[in-house]
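The values are calculated or read from the model by the stated rules, or taken from the named source; none is laboratory data. Keep in mind it's a predicted model, so treat the numbers as computed, not measured. Note that we place each Cβ from the backbone using ideal geometry, even for glycine, and neighbour counts take in every protein chain shown. Keep in mind that these areas ignore ligands, DNA and RNA; they rest on the heavy atoms of the full protein, side chains included. Shrake-Rupley method; radii C 1.70, N 1.55, O 1.52, S 1.80 Å.
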Amino acid sequence: MSQTKHDTVIQNAMNLAKVGEFQQSIDSLEKLGDELTINAEAVYIKAVCLRKLERNVEAVDALQQVLELDQTYVRAHQELGHIFVSEGRLKQAVEAYEQALDQDAALIASWRALTQLYTKTAQTDKLSYAQHQLEQLEQLHPALQAVKSNLNRGNLETADQICRSYLQQNKQDVEGMRLLAAIAVEVKILDDAEFILESAVQFAPDHIGARFDYSNVLLKRQKFGAAHKIAQELATLRPNETQFRALLASTTTGVGDTEAGIELYRELIATDEELQQCYLLLGHAQKTQGDIDGAIESYHRLAEQQPDFGDAFWSLANTKTYQFTDEEIAHLEDYRFRESTSDIDKVHFNFALGKALEDRKDYASAFNAYREGNDLNRALLKYQSSEIVKRVDAQLSRCNAALFEGLSGAGCDDPAPIFILGLPRSGSTLLEQVLASHSKVDGTLELPNVMSLVHRLQGREKVRIDEEAPYPKVLGELEVDFYEKFGQQYIDDTRVFRKNAPFFIDKMPNNFLHVGLIKLMLPNAKVIDARRHPMACCFSNFKQLFAEGQEFTYGLREVGEYYQQYLRVMDHWDQVLPGFVLRVQHEDVVDDLETQVRRILDFCGLEFEQSCLEFYKTERKIRTPSSEQVRQPIYKTGLEQWRNFESYLDPLIEALGPDVLTRYPISE
């Protein structure tokens with residue numbers, strides 16, 4: 001049967017079922033022959049008709065067949081719930097409806113049924129929540145209910161189409177805007193989500209949900225000050241709402257008040273020990289504070305509560321000091337292959353197992369676990385390596401010597417920023433700790449401000465594959481005054497992260513692509529390129545699971561190609577902006593710390609201070625994976641760890657190519 005006829009049969013059967021012609025619908029589906037048994041949608045329609053005809057045994061069999069064909073077919077669980085209710089099997093009905101809602105919380109029929117079942121079974125603790133969810137859904141337009149359902153089930157393109165169509169007719173519908181922003185968050189277009197929610201809050205300043213969503217997106221974009229202000233307002237308005245208190249804890253930690261954030265997380269956990277995300281975030285805050293024992297305890301509590309939550313185990317591994325027991329390693333091995341384990345949890349389990357096995361010097365098994373985690377994560381993130389080549393090409397083409405000569409004297413003359421950039425895992429956290437140990441330098445975070453400006457300059461219009469992107473082309477088209485405004489805004493917006501020192505560090509590694517923009521808006525800033533041998537740097541990235549971003553690290557070939565492009569653009573900055581960037585090789589720092597420290601301080605115009613050599617004594621908050629390593633004196637054991645895996649790294653060597661490896665020979 002052709003696909004067109006096949007689809008026509010199913011649509012006809014669905015239409016018959018909608019008007020109550022259940023047997024005729026089944027008869028129509030039988031025309032599919034053997035194809036009926038392998039099509040989940042067709043079998044589901046048949047199951048609904050069988051239930052309506054009170055042929056429950058056959059209906060249950062059909063629904064089980066649906067779930068065998070497609071375990072994500074959530075309405076099959078809902079349909080089972082309907083059958084169990086009709087047979088008085090209330091406990092099984094509750095389980096079926098709850099299973100449906102675990103996958104799609106927008107199923108109104110399931111919530112409606114559960115409000116009745118929770119009442120009958122005296123589950124008062126769940127009843128109020130179900131009633132609230134039902135009330136929220138019933139207030140939504142049917143089109144937005146469909147958007148929410150498709151969003152929950154991962155049908156993002158369908159959800160986006162329905163939502164945009166609805167908003168064309170209802171341009172200021174705040175709930176529609178919230179859902180469109182949620183779709184943007186899901187596909188990681190956070191600047192769009194921020195713009196949509198900022199508009200929603202302008203349209204409805206008192207809309208609690210829109211403000212909550214807006215604060216969350218600002219938090220994701222590391223705009224901690226703005227997110228914190230909204231979170232404080234919401235927590236004041238509704239002090240007993242857990243979600244607002246949790247948001248306040250996260251934003252409080254974000255603005256650097258880690259002690260207060262930890263206290264807020266503890267208060268939340270004291271009221272509800274099942275707040276799993278709070279245990280995770282509490283552990284992260286404790287790690288930032290340097291309380292590794294406390295962080296490990298928090299991660300352990302989370303792992304005990306939710307043994308299939310991979311991030312609890314990866315967070316233990318990511319302390320870089322934790323040693324897994326035999327029982328824990330067996331747990332990691334078990335859960336990374338379980339069918340019930342989600343893909344993202346499998347990613348976390350694999351990376352944790354890789355670290356555990358590497359610590360035990362079982363390098364073959366460790367590499368297999370790292371490779372499995374990377375392969376899974378790369379498939380989830382859909383990284384395209386060609387994008388970095390295009391972006392570097394654009395920088396080389398547009399940010400040429402003529403541009404900087406023509407804009408000589410532009411920008412804000414404030415000399416306070418010190419940018420440390422390069423690739424992750426290149427020793428940048430060590431350089432930050434060294435400089436932040438100086439009395440005249442504040443350590444901050446990986447600040448998002450330059451990247452946010454890039455997004456603004458890039459614009460919101462999608463660029464066709466054959467078109468040139470607006471940025472960096474626009475740098476040669478702007479009035480010279482704009483660069484002073486950009487620089488001053490950067491200084492103003494980053495003040496929330498500073499204390500009282502005259503200089504401060506911005507350690508966003510990805511800024512290496514935007515050195516030209518930094519020069520134009522902050523010509524007196526200092527820029528340090530933290531560089532590490534390509535084999536060591538790339539493999540360290542390959543075995544590191546990042547919370548967000550850095551998608552190029554999830555494959556040996558991908559990270560090697562990215563390193564190539566990093567060298568290419570840094571060579572360009574050396575050519576067109578001679579002397580603006582100081583290159584610091586990690587291996588040189590480890591080999592002769594004092595010489596490199598004096599060199600860095602001279603470049604920054606700072607007098608030598610002994611505290612920079614004793615950086616490990618400096619107490620400060622550190623959020624990167626290297627936090628514990630820089631709280632110890634320099635050691636050399638980490639320089640050549642990649643050699644334990646050298647026999648597996650041919651794809652990386654090939655991707656780096658002879659030009660890179662001539663500059664940085666493997667033999668050295």
Criterion violated by Phe324 - all others in (1) assigned to a helix (DSSP H, G or I); (2) of a type outside the set (S, T, N, Q); (3) modelled with pLDDT of 95 or more; (4) within 20 Å of Ala303 (Cβ to Cβ) satisfied: (1)
Looking at the range 115-134, can you tell me whether even one residue there is under 20 Å from Ala17 (Cβ atoms), of a type in the set (Val, Ile, Thr) and out of contact with any Leu (no Cβ under 6 Å at 6 or more places or on another chain)? no
How many residues are open to solvent by 20 Å² or more (accessible area, probe 1.4 Å), over 17 Å from Ala536 (Cα atoms), in a helix (DSSP H, G or I) and at pLDDT below 90 when one looks only at the range 611-668? 3
Any idea which of Asp293, Asp311, Asp362 is more than 25 Å from Phe542 (Cβ to Cβ) and of a type in the set (Asp, Glu)? Asp293
Hey, Phe603 surrounded by fewer than 23 Cβ atoms within 10 Å (Cβ to Cβ) and within 26 Å of the chain's Cα centre (by Cα) or not: no
When the range 118-151 is examined, which residues are found to be open to solvent by 80 Å² or more (accessible area, probe 1.4 Å), touching a residue at least 12 places away in the same chain (Cβ under 8 Å) and part of a helix (DSSP H, G or I)? Lys120, Gln131, Glu138
Among helices (runs of 4 or more DSSP H) completely within the range 1-117, the ones holding 3 or more residues that are among the β-branched types (Val, Ile, Thr) are 3-18, 40-52, 56-69, 74-86
Taking the range 68-98 and the residues there that are β-branched (Val, Ile, Thr) and in contact with a helix residue (DSSP H, G or I) (Cβ under 6 Å, 6 or more places away or on another chain), the one that is most open to solvent (accessible area, probe 1.4 Å) would be Val85
Considering the range 548-595, residues that are in a loop (DSSP other than H, G, I, E, B) and more than 30 Å from Asp311 (Cα to Cα), and then whichever is most open to solvent (accessible area, probe 1.4 Å), we arrive at Pro578
Taking the range 250-293 and keeping only residues that are more than 30 Å from Thr494 (Cα to Cα) and either without any contact (Cβ under 8 Å) to a residue 12 or more places away in the chain or assigned to a helix (DSSP H, G or I) (or both), one is left with Ile269, Ala270, Thr271, Gln276, Asp293
Kindly list the number of the only condition in (1) surrounded by 14 or more Cβ atoms within 10 Å (Cβ to Cβ); (2) at pLDDT 90 or above that fails for Ala13. (2)
Given (1) crowded, with 21+ Cβ neighbours inside 10 Å; (2) modelled with pLDDT under 95; (3) touching a Ser or Thr at 6+ places or on another chain (Cβ under 7 Å); (4) not hydroxyl-bearing (Ser, Thr, Tyr), number of the condition Glu194 does not satisfy: (3)
When both residues are 6+ apart or on different chains and their Cβ atoms are under 8 Å apart, which pairs have a first residue that lies in the range 576-595 and is over 17 Å from Ser437 (Cβ atoms), and a second that is polar (S, T, N, Q) and assigned to a helix (DSSP H, G or I)? Asp588/Thr595; Asp588/Gln596
Here is a list: Leu101, Leu50. Which entry is open to solvent by less than 50 Å² (accessible area, probe 1.4 Å) and under 22 Å from Lys31 (Cα atoms)? Leu50
May I ask you to say which residue of Gly209, Gly176, Gly154 is surrounded by fewer than 18 Cβ atoms within 10 Å (Cβ to Cβ) and part of a helix (DSSP H, G or I)? Gly209
All conditions in (1) open to solvent by 80 Å² or more (accessible area, probe 1.4 Å); (2) farther than 18 Å from Glu79 by Cβ are true of Lys18 except (2)
Out of all the residues in the range 487-500, is one or more in a loop (DSSP other than H, G, I, E, B), within 12 Å of Gly422 (Cβ to Cβ) and not acidic (Asp, Glu)? no
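Residues are listed down the side, and each one gets a yes or a no for (1) touching a Ser or Thr at 6+ places or on another chain (Cβ under 8 Å); (2) among the acidic types (Asp, Glu); (3) modelled with pLDDT of 90 or more:
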position: Asp442; (1), (2), (3): no, yes, yes
position: Val463; (1), (2), (3): no, no, no
position: Pro472; (1), (2), (3): no, no, yes
position: Asp481; (1), (2), (3): no, yes, yes
position: Phe486; (1), (2), (3): no, no, yes
position: Ala501; (1), (2), (3): yes, no, yes
Pick from Gly476, Gly516, Gly459: which is buried (at least 17 other Cβ atoms within 10 Å of the Cβ) and among the small types (Gly, Ala, Ser)? Gly516
Go through the residues of the range 416-426 one by one and say whether even a single one is over 30 Å from Glu561 (Cβ atoms), of a type in the set (A, V, I, L, M, F, W, C) and surrounded by fewer than 24 Cβ atoms within 10 Å (Cβ to Cβ). yes
The one condition in (1) over 28 Å from Ala130 (Cα atoms); (2) open to solvent by 40 Å² or more (accessible area, probe 1.4 Å); (3) touching a residue at least 12 places away in the same chain (Cβ under 8 Å) that Arg55 fails to fulfil: (3)
Among the residues of the range 485-509, count how many are closer than 25 Å to Gly549 by Cβ and of a type in the set (S, T, N, Q). 2
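Quick grid of which residues meet (1) touching a residue at least 40 places away in the same chain (Cβ under 8 Å); (2) open to solvent by less than 60 Å² (accessible area, probe 1.4 Å); (3) out of contact with any Gly (no Cβ under 9 Å at 6 or more places or on another chain); (4) in a loop (DSSP other than H, G, I, E, B):
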position	(1), (2), (3), (4)
His331	no, yes, yes, no
His348	yes, yes, no, no
Gly354	yes, yes, no, no
Glu358	yes, yes, yes, no
Asn368	no, no, no, no
Ala379	no, no, yes, no
Val392	yes, yes, yes, no
Ser397	no, no, yes, no
Regarding the range 189-196, can at least one residue be identified that is closer than 19 Å to Gln103 by Cα and under 18 Å from the mean Cα position of the chain (by Cα)? no
Could you say which residue among Met451, Met535 is open to solvent by less than 60 Å² (accessible area, probe 1.4 Å), in a helix (DSSP H, G or I), in contact (Cβ under 8 Å) with a residue 12 or more places away in the chain and closer than 30 Å to Asp257 by Cα? Met451
Would you call Ser165 under 29 Å from Glu21 (Cα atoms) and either in contact (Cβ under 8 Å) with a residue 12 or more places away in the chain or buried (at least 18 other Cβ atoms within 10 Å of the Cβ) (or both)? no
Hits in the range 207-220 (condition: at pLDDT 95 or above and of a type in the set (D, E, K, R)): Arg211, Asp213
Among the residues of the range 438-456, what is the count of those that are closer than 13 Å to Phe224 by Cα and charged (D, E, K, R)? 1
